[in-house]
Amino acid sequence: MNQKKSVVAIGIAAIFAVSPIIALAQATTFSGQAVALRANAVGIGLSLSDTGPLPAGGGNLKTSLASVNVLGLVSADALSSATSGSGASSQSQSSAASVNLLGGLVAADLVKSNSNATCSGGQAAVTGNSELVGLIVAGQPVVNLNPNVALSLPGGINVIVNEQTSSPSGNTGAITVNALHVTGPSVDIVVASAHSDITCS
């Protein structure tokens, strides 16, 4: 009889020992990052006003930079980025003003992105958008800000406006919004990138 009691006691103790681990595994986790300007060209690599990755436990990260000017490649003012996660949502924002890329080939008064990942009933959902004020590409105004508008320019230059990639699936969801993405021979420039993702409990 004593043997049976001790076996039951050990079993109960084992359940209590494991239960905190189970609770931890079920907690909502977050991820996010915002970068106001990322540029790679021949011999140049920039990542400015970059929040870095958001911890899985959430929190709030912010960063800003007054201005940048790399002659012939990029200039911008008031670069700002933020990412946060708490409760049932993860969100990121990034922006830059007076943006001038590739010697004026692409310019805008304001470039801004937002991304959001949320939980509801254990299911993940994502949304995102971009705001581009006074956008000029190769001398022409661009007013169509639908997701993933692609423009091809001479010299192999490609411009993607409001670039969005997302992957909501069950209890996990992720989205990245690049307000402006310019690529070409040996050139890759992203202005206002916001990434958010979440894993729901």
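Numbers for the structure displayed
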item: Calculated FRET value between Ile136 and Ser169, using beta carbons and R₀ = 30 Å, to 0.05; result: 0.20
item: Segment 154-201, relative contact order [Cα under 8 Å, separation at least 6], %; result: 36 percent
item: Of all accessible heavy-atom area on segment 78-195, the percent that carbon and sulfur account for (1.4 Å); result: 52 percent
item: Label-point separation in nm, Asp188 to Asn69, each point 7 Å along Cα→Cβ; result: 2.9 nm
item: Residue-normalised accessible area of the chain, expressed per residue, 1.4 Å probe, Å²; result: 50 Å²
item: Theoretical ellipticity at 222 nm over the chain - DSSP helices of four or more residues, -39500 (n - 2.57) apiece, nearest 500; result: -4000 deg cm²/dmol
item: Virtual paramagnetic centre 7 Å along Cα→Cβ of Asp109, amide N under 20 Å, in segment 118-145; result: 130-145
item: Ala125-Asn146 FRET efficiency (beta carbon distance; Förster radius 22 Å; 0.05 resolution); result: 0.65
item: Cα-based helix-to-principal-axis angle, 2-25 vs the chain, degrees rounded to 10; result: 10 degrees
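The values are calculated or read from the model by the stated rules, or taken from the named source; none is laboratory data. Values in this document were obtained by computation on a predicted structure and should not be read as measured data. Ideal geometry is used to build each Cβ from the backbone, glycine not excepted, and the neighbour counts take in all protein chains shown. For accessibility, only protein heavy atoms count, side chains too; no ligands or nucleic acids. Shrake-Rupley method; radii C 1.70, N 1.55, O 1.52, S 1.80 Å.
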